[in-house]
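Q: The structure under discussion is supplied below as structure tokens; questions concerning it will follow.
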Amino acid sequence: MPADRSIPVWRRMSAWSRPAVDDSAEVVIVGGGPVGLAMALDLGLRGHRVIVVNRLDFIAAGSKAICFSKRTLEIFDRLGVGDFMLAKGVVWNTGKVFWSDRPDPVYQFDLLPIKQQKHPAFVNIQQYYVEEGLVRSLERLANVELRWGHEAIGISAGDSGVSLQISGPLGKYLLRASYVIACDGSRSSVRDLLHLDFQGRTFEDNFLIADIRMKGERPVERWFWFDPPFNPGQSALLHKQPDDVWRLDFQLGWDIDREACMQPANVERLVRAMLGPDIPFEKEWYSLYTFRCCRMSRFVHGRVIFAGDSAHLVSPFGARGCNGGFADVANLGWKLDLVLKGRADGRLLDTYDYEAIVTADENILHSSRATDFMTPKSQASRALRDAVLQLAAEHEFARPFVNSGRLSTAVAYPDSPLNSADTDRWSGGVPPGTVAIDAPIGGDWLLERLGGGFKLVADACQAPAPQDVELIDIAQLQTDTSLLRSRYELRPGAAYLIRPDQYVAARWKRASSEKISAALARASGRS
């Protein structure tokens, strides 16, 4: 397959070039970006035969996604790649918002208000490092194949499975699967082959990414400017990445000469205006982009399932794109695992459709609101935005209204069909439908102990845990658990049932075997 010369290469991969013969797997994943690779790792670690087909035979250069949230780091931990991401990445918790030529921020925020957790609010790391780390882990699994340079060019889905026509370096062949997961991005070939919808809103603006390499000590924080003197009437962003690489992002407006804006001299003029005329730097990667916020109406179409940008797309403000894709991985992996093992029927996958759409809609809402605040398209909108910024500079109450991108956090599912109907309600702790909060426990961390299966976290609960559910009874631990008890409002007899994706399915102040069993059946799709 000829290389796509428009895409810069980070690491050339060995093309899968065995003779083109028909083949099969439990799951075929179309798309070898970060979401597809993580999906393959999740299912591969659960023991399933997985084949990944990726049109390109290389990992692309250009840092693209760089901000990976605390929730994503927790998912990485469960997949065994969290330590690498944390060690390689640049850790940050603080964001600052500047306006016009004021030297001090009008708003400053801490994205990790709950301290004493394993992971920070965010780690900045180039997407190609994330993909490389996932590939290294996948290459150790004998039950997963990565077929670089193979493209899905046809699909036929039925009640019992899916057939894909694949074009590879040595010809065409059929690839059969019980399920196909499309992780092939916003221009999904699988979505197009099935003639499925992808509706939403296009934002009329252009933004320039200038990834540069420079030395020097600067705060490891997210800095955002409204109407800065170096880019008047527009916005700008500054972020640090590993290897002395910095992400600079400049709003340019809608009616521009795109070719002229990409000329190195014009990019460097903006860079020097932001950093100063004497700061030495080298070009790493320049890119111009516009964006849409849109999604499919459904993500599950029989035995073909969509995840990541193939299912939903948002603007980059708030780092909700790739992080939203990893939320899909965590949500889908354990559900498809139970279905493939015959421990749940296909209706459990409908809850992925529901919960992933809740996540996508929240991300689209926040992303759209941020973009509207950042890029007002009328005099009235700009006057309102500037009034908010003026108030924020002087009054604390106005600062939360400043919107330079609501940064990605885990989305709650308070009305999920998997939440137990027979659960106790109280104001504190962690309610059902909410992701578990980390806390130190016995020399390590709670989320590490939760892992990827059903868990019962209890405090001297007299009811035994059901089969296939591990009990974590903090009353039996010879360590200080006061912080964990406080965060979950645990008292003797209380218990939480935690799903494999580390979301709370149910909780009780006084648990019983009957309540726990009923909640487990509901949460695992057996009722």
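Q: Looking at the range 465-482, is at least one residue surrounded by 21 or more Cβ atoms within 10 Å (Cβ to Cβ) and within 18 Å of Lys70 (Cα to Cα)?
A: no
Q: Additional query: Residues Arg18, Arg12: which one is under 17 Å from Tyr128 (Cβ atoms) and either among the charged types (D, E, K, R) or not assigned by TED's automatic domain parsing to the domain that holds Gly185 (or both)?
A: Details: Arg18 fails: under 17 Å from Tyr128 (Cβ atoms).
Going through Arg18, Arg12 in turn, just one is under 17 Å from Tyr128 (Cβ atoms) and either among the charged types (D, E, K, R) or not assigned by TED's automatic domain parsing to the domain that holds Gly185 (or both): Arg12.
Q: Which condition does Asp361 not pass, out of (1) in a helix (DSSP H, G or I); (2) surrounded by 15 or more Cβ atoms within 10 Å (Cβ to Cβ); (3) touching a residue at least 24 places away in the same chain (Cβ under 8 Å), if it passes all the others?
A: With respect to (1) in a helix (DSSP H, G or I); (2) surrounded by 15 or more Cβ atoms within 10 Å (Cβ to Cβ); (3) touching a residue at least 24 places away in the same chain (Cβ under 8 Å), Asp361 is out only on (2).
Q: Could you grab me the full set of residues in the range 184-201 that are of a type in the set (Ser, Thr, Tyr) and in contact with a helix residue (DSSP H, G or I) (Cβ under 7 Å, 6 or more places away or on another chain)?
A: We begin by selecting, within the range 184-201, every residue of a type in the set (Ser, Thr, Tyr); these are 186, 188-189.
Across the range 184-201, the qualifying residues are Ser186, Ser188.
Q: A further question follows. For Arg298, are the conditions met, namely being modelled with pLDDT under 95 and either farther than 18 Å from Gly161 by Cα or assigned to a loop (DSSP other than H, G, I, E, B) (or both)? Can you show your working first?
A: Details: modelled with pLDDT under 95: no; either farther than 18 Å from Gly161 by Cα or assigned to a loop (DSSP other than H, G, I, E, B) (or both): yes.
Considered against the rule, which asks whether it is modelled with pLDDT under 95 and either farther than 18 Å from Gly161 by Cα or assigned to a loop (DSSP other than H, G, I, E, B) (or both), Arg298 comes out as no.
Q: Mind listing whichever residues of the range 318-352 are farther than 14 Å from Cys183 by Cα, of a type in the set (Asp, Glu) and either without any contact (Cβ under 8 Å) to a residue 24 or more places away in the chain or buried (at least 20 other Cβ atoms within 10 Å of the Cβ) (or both)?
A: Answer for the range 318-352, where residues must be farther than 14 Å from Cys183 by Cα, of a type in the set (Asp, Glu) and either without any contact (Cβ under 8 Å) to a residue 24 or more places away in the chain or buried (at least 20 other Cβ atoms within 10 Å of the Cβ) (or both): just Asp337.
Q: What number of residues within the range 128-180 are among the hydroxyl-bearing types (Ser, Thr, Tyr), closer than 19 Å to Leu336 by Cα and either out of contact with any Lys or Arg (no Cβ under 9 Å at 6 or more places or on another chain) or part of a loop (DSSP other than H, G, I, E, B) (or both)? Walk me through it before giving the result.
A: First, pick out the residues of the range 128-180 that are among the hydroxyl-bearing types (Ser, Thr, Tyr): 128-129, 137, 156, 160, 163, 167, 173, 178-179.
Filter once more, keeping what is closer than 19 Å to Leu336 by Cα: 160, 163, 178-179.
With the extra rule that they be either out of contact with any Lys or Arg (no Cβ under 9 Å at 6 or more places or on another chain) or part of a loop (DSSP other than H, G, I, E, B) (or both), the set shrinks to 160.
Selection size over the range 128-180: 1.
Q: Mind listing just one residue for me: the one in the range 505-527 that is buried (at least 22 other Cβ atoms within 10 Å of the Cβ) and over 30 Å from the mean Cα position of the chain (by Cα) and, of those, modelled with the highest pLDDT?
A: Checking each candidate, the answer is Ile516.
Q: Of all residues in the range 154-170 being of a type outside the set (Gly, Ala, Ser) and touching a residue at least 40 places away in the same chain (Cβ under 8 Å), which is farthest from Ser69 (Cα to Cα)? Quick ask: steps written out before the conclusion?
A: Quick first cut of the range 154-170, residues of a type outside the set (Gly, Ala, Ser) only: 155, 159, 162, 164-166, 169-170.
Imposing the further condition that a residue be touching a residue at least 40 places away in the same chain (Cβ under 8 Å) reduces the set to 155, 159, 162, 164, 166, 169-170.
Numbers: Ile155: 34, Asp159: 37, Val162: 34, Leu164: 34, Ile166: 35, Pro169: 37, Leu170: 40 Å.
Result: Leu170.
Q: OK, next. Working only within the range 429-443, note down all residues that are at pLDDT 90 or above, surrounded by fewer than 18 Cβ atoms within 10 Å (Cβ to Cβ) and farther than 22 Å from Glu362 by Cβ.
A: Pro440
Okay, residues lined up against (1) of a type in the set (Ser, Thr, Tyr); (2) in contact (Cβ under 8 Å) with a residue 24 or more places away in the chain; (3) buried (at least 22 other Cβ atoms within 10 Å of the Cβ); (4) on the phi > 0 side of the Ramachandran plot:
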residue: Ser24; (1), (2), (3), (4): yes, yes, no, no
residue: Gly31; (1), (2), (3), (4): no, yes, yes, yes
residue: Arg55; (1), (2), (3), (4): no, yes, no, no
residue: Ile59; (1), (2), (3), (4): no, yes, yes, no
residue: Ala87; (1), (2), (3), (4): no, no, no, no
residue: Pro120; (1), (2), (3), (4): no, yes, no, no
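Q: Hey, another quick one. Condition test on Ala319, is it touching a strand residue (DSSP E or B) at 6+ places or on another chain (Cβ under 7 Å), in a loop (DSSP other than H, G, I, E, B) and in the same structural domain as Phe306 (by TED's automatic domain parsing)?
A: On the way: touching a strand residue (DSSP E or B) at 6+ places or on another chain (Cβ under 7 Å): yes; in a loop (DSSP other than H, G, I, E, B): yes; in the same structural domain as Phe306 (by TED's automatic domain parsing): yes.
So Ala319 passes the test.
Q: Assuming Leu79 fulfils every condition listed in (1) within 20 Å of Val435 (Cα to Cα); (2) surrounded by fewer than 20 Cβ atoms within 10 Å (Cβ to Cβ); (3) not basic (Lys, Arg) apart from one, which condition is it?
A: Tallying (1) within 20 Å of Val435 (Cα to Cα); (2) surrounded by fewer than 20 Cβ atoms within 10 Å (Cβ to Cβ); (3) not basic (Lys, Arg), Leu79 fails exactly one: (2).
Q: Hey, another quick one. Any residue that is touching a Gly at 6+ places or on another chain (Cβ under 8 Å), of a type outside the set (Asp, Glu), buried (at least 20 other Cβ atoms within 10 Å of the Cβ) and modelled with pLDDT of 95 or more - is there at least one of those in the range 402-415?
A: Within the range 402-415, one or more residues are touching a Gly at 6+ places or on another chain (Cβ under 8 Å), of a type outside the set (Asp, Glu), buried (at least 20 other Cβ atoms within 10 Å of the Cβ) and modelled with pLDDT of 95 or more.
Q: Is it true that some residue in the range 468-476 is more than 21 Å from Tyr503 (Cα to Cα), over 25 Å from the mean Cα position of the chain (by Cα), in a helix (DSSP H, G or I) and not assigned by TED's automatic domain parsing to the domain that holds Ala344? Write out each step before concluding.
A: Looking only at the range 468-476, we keep the residues that are more than 21 Å from Tyr503 (Cα to Cα), and these are 475-476.
From what's left, over 25 Å from the mean Cα position of the chain (by Cα): 475-476.
This time we only want the ones that are in a helix (DSSP H, G or I), so: 475-476.
Going one step further and asking which of them are not assigned by TED's automatic domain parsing to the domain that holds Ala344, we end up with 475-476.
Looking for residues that are more than 21 Å from Tyr503 (Cα to Cα), over 25 Å from the mean Cα position of the chain (by Cα), in a helix (DSSP H, G or I) and not assigned by TED's automatic domain parsing to the domain that holds Ala344, one finds at least one in the range 468-476, hence yes.
Q: Can you tell me which residue is farthest from Leu313 (Cα to Cα) among those in the range 17-36 that are in a strand (DSSP E or B), in contact with a Phe, Trp or Tyr (Cβ under 9 Å, 6 or more places away or on another chain) and of a type outside the set (A, V, I, L, M)?
A: At the first step, the residues of the range 17-36 found to be in a strand (DSSP E or B) are 23-30.
Those still in the list that are in contact with a Phe, Trp or Tyr (Cβ under 9 Å, 6 or more places away or on another chain) too: 23, 26-28.
From the residues that got through so far, the ones that are of a type outside the set (A, V, I, L, M) too are 23, 26.
Working: Asp23: 32, Glu26: 27 Å.
The qualifying residue farthest from Leu313 (Cα to Cα) is Asp23.
Q: If you don't mind, there's one more thing I want to ask. Which one of these is modelled with pLDDT of 90 or more and among the small types (Gly, Ala, Ser): Ala393, Ala460? Talk me through it step by step, then tell me what you get.
A: Numbers: Ala393 fails: modelled with pLDDT of 90 or more.
Sole residue among the options that is modelled with pLDDT of 90 or more and among the small types (Gly, Ala, Ser): Ala460.
The values are calculated or read from the model by the stated rules, or taken from the named source; none is laboratory data. This is a predicted model, so every value here is computed, not measured. Don't worry about glycine lacking a Cβ; one is built from the backbone with ideal geometry, like all the others, and counts go over all protein chains shown.
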